[in-house]
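Chemist: After the structure tokens below, expect a handful of questions from me.
None of the figures in this text is laboratory data; all of them are computed from the coordinates on show. Owing to the predicted nature of the structure, the values given are computational and were not obtained by experimental measurement. In this analysis, Cβ positions are derived from the backbone assuming ideal geometry, glycine residues included, and neighbour counts consider all displayed protein chains.
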Amino acid sequence: MVGKTNAVRVLDTLKIPYELREYEVDPTDLAAERVAQKIGLPPEQVFKTLVIRGDRTGILLALIPGNMELDLKALANLSGNRKVETVALKEVQPLTGYIRGGVTALACKKDYPVYVDEFIQLFEVISISAGMRGLQILLSPKDYLEVVKGTIGAISQEKHGE
């Protein structure tokens, strides 16, 4: 078993129940769909955390199902921005403390606002990154939303070109 990540320690401190699932990492394929396959869940139940910059609010985090893509217009509206964009990959670690494929809103460098797709409400358990590649946290959406103070909205859409 891998050591506990800061994200896991946050849940322990708050006495929030969770399950950890390890998986083999392929650095050439960090897609949420692949992670879902490896931990035995449907892709829509594995949520990915994206680092976004709003023109008015600055950095925020968006959590969407693994089989969807972010709807930038919807997120801009929900977050009070005119425009939002995904931050450059080289900025992800300095902003969050996490590397691509391991980003989570739990124990992030700063408490960024978190926006969560409404699909989260469909599940009893969701999977999120534990703050490193190769480890996922399974927990209840209610607990997750409480910890990150998430705002729910329709911020994902079907992937284009697939």
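Chemist: Can you list residues from other chains, or at least 5 along the same chain, whose modelled amide H is less than 5 Å from the amide H of Lys48?
Modeler: It is Ile64, Gly66, by chain and number.
Chemist: Using DSSP loop states and a limit of at most 15 other Cβ atoms within 10 Å to flag trypsin sites (Lys or Arg not before Pro), what is the longest stretch of the chain containing no flagged site?
Modeler: Within the chain, the longest run free of exposed trypsin sites (Lys or Arg not before Pro) spans 16-55.
Chemist: On to the next question. Could you grab the relative contact order for the chain? Cα pairs under 8 Å, six or more apart, rounded to a whole percent.
Modeler: 27 percent
Chemist: Here is a follow-up. Which GluC sites (Glu not before Pro) from region 1-77 combine a DSSP loop assignment with at most 10 other Cβ atoms within 10 Å? If you can, show how the numbers build up before the last one.
Modeler: Values: sites: Glu19, Glu22, Glu24, Glu33, Glu44, Glu69; in loops: Glu24.
When the GluC sites (Glu not before Pro) of region 1-77 are filtered for loop state and at most 10 Cβ neighbours within 10 Å, Glu24 remain.
Chemist: With respect to the cross-link table entries Lys38/Lys149; Lys83/Lys142; Lys109/Lys159; Lys38/Lys83; Lys4/Lys38, which display a Cα-Cα separation exceeding 26 Å?
Modeler: Correct reply: Lys38/Lys149; Lys83/Lys142; Lys109/Lys159; Lys38/Lys83.
Chemist: Also, I was wondering about something else. Given the DSSP H assignment, sum -39500 (n - 2.57) over each helix run of at least 4 residues in the chain and divide by its residue total; what's the result at 222 nm in deg cm²/dmol, nearest 500?
Modeler: Details: 5 runs with 40 residues, N = 162.
The helix-only estimate for the chain comes to -6500 deg cm²/dmol at 222 nm.
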